[in-house]
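The values are calculated or read from the model by the stated rules, or taken from the named source; none is laboratory data. Being a predicted model, the structure only gives us computed values, none of them experimental. Glycine also receives a Cβ, built like all others from the backbone with ideal geometry; neighbour counts cover every protein chain displayed. The accessibility values were calculated without ligands, DNA or RNA, using every heavy atom of the protein model including side chains. Shrake-Rupley method; radii C 1.70, N 1.55, O 1.52, S 1.80 Å.
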Amino acid sequence: TGSQRPLGLMRSDGPINLINSVETAISGPSAVTLCFGNQLLSGVRAIKFSATEYVAFESFNAPHLATIGVDYEKHWDEIQTLTKKPAWKNCFNEKVFCFKIFPGISGEILLNTIRAKSCDGLVLEAYGSGNIPILDDSVLGMLRTAKKLSKPVIIASQCPHGRVVLDKYEGGLQALILGAISGGDMTREACVVKLMHGLGMGLNGEILKKYFLKNVCGERSF
């Protein structure tokens, strides 16, 4: 948990967030969770969407684990996929980069990044359901190089709600043909960490792809 206003200031949301999180830690689900703004969210699904509101986090593609008001409305027993425990291996490869696709993005920067020894994989935040520019070679050229170098490229969505479907539009289909992996309905943050974890375990090729497409601890539904 945390607070939008420091604990020592008037109207701080810190005290109630702390009380709610302690109660949840004692009797809540056996999972990594985020308790903030009278909501309990799955940690692998939550993103911060506001820098100023007291309700600052949301899990757009997954239901809340609990709503905390006068009553503590628990929902986690209904959401088993969000609370199962994975077999954890503490190993990460930090040589992962994340780029947001935008009109006019530099193909040179993308190519230099994927070719660099300091890069073992990329997460691309694409448009909508996974669409990428195809009128020039800025992104497709990088994807071809990534395929030759056997470096994974994950396609996430810039939209907080929804999911990536790579064969829905021509741009996404071209990415799929060139070996890009769909992030499904995972958050950008989850995509980055899961790629770091998969690479850290020494996974590559089809084994890494299979791991990434698998729902390990509720981080993806599709």
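Structure summary
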| item | result |
| --- | --- |
| Accessible-area value, Asp136, 1.4 Å probe, nucleic acids and ligands omitted, Å² | 80 |
| Unsatisfied cross-links (Cα-Cα over 29 Å) in the set Lys48/Lys209; Lys148/Lys210; Lys100/Lys210; Lys48/Lys117; Lys147/Lys194; Lys74/Lys95 | Lys48/Lys117; Lys74/Lys95 |
| Answer label for mean projected area of the Cα convex hull in nm² (calculated), chosen among (1) 13.6; (2) 21.5; (3) 11.0 | (1) |
| The stretch 121-180-the stretch 184-222 distance, computed between alpha-carbon centres (Å) | 16 |
| Residue-normalised accessible area of the chain, given per residue in Å² at a 1.4 Å probe | 54 |
| Two-site FRET efficiency, Trp88 against Leu135, from Cβ-Cβ distance with R₀ of 41 Å, rounded to 0.05 | 0.40 |
| Simple label model, 7 Å out from Cα along Cβ direction - Lys95 to Ser27, nm | 4.9 |
| In Å², nearest 10: area of Leu176 left accessible to a 1.4 Å probe | 70 |
| Summed side-chain charge close to Gln4 - residues other than Gln4 whose Cβ falls under 15 Å, Lys, Arg +1, Asp, Glu -1 | 0 |
| Test item: Cα-centred dipole of the chain, Lys/Arg +1 and Asp/Glu -1 on Cβ, debye | 780 |
| Top positive-direction residue, dipole computed over the stretch 146-222 with Cβ charges, set His161, Ala190, Gly179 | Gly179 |
| Accessible area (Å², 1.4 Å probe, nearest 10) - Cys159 | 60 |
| Rounded Å value of the spacing that divides the Cα centres of the stretch 57-71 and the stretch 1-44 | 12 |
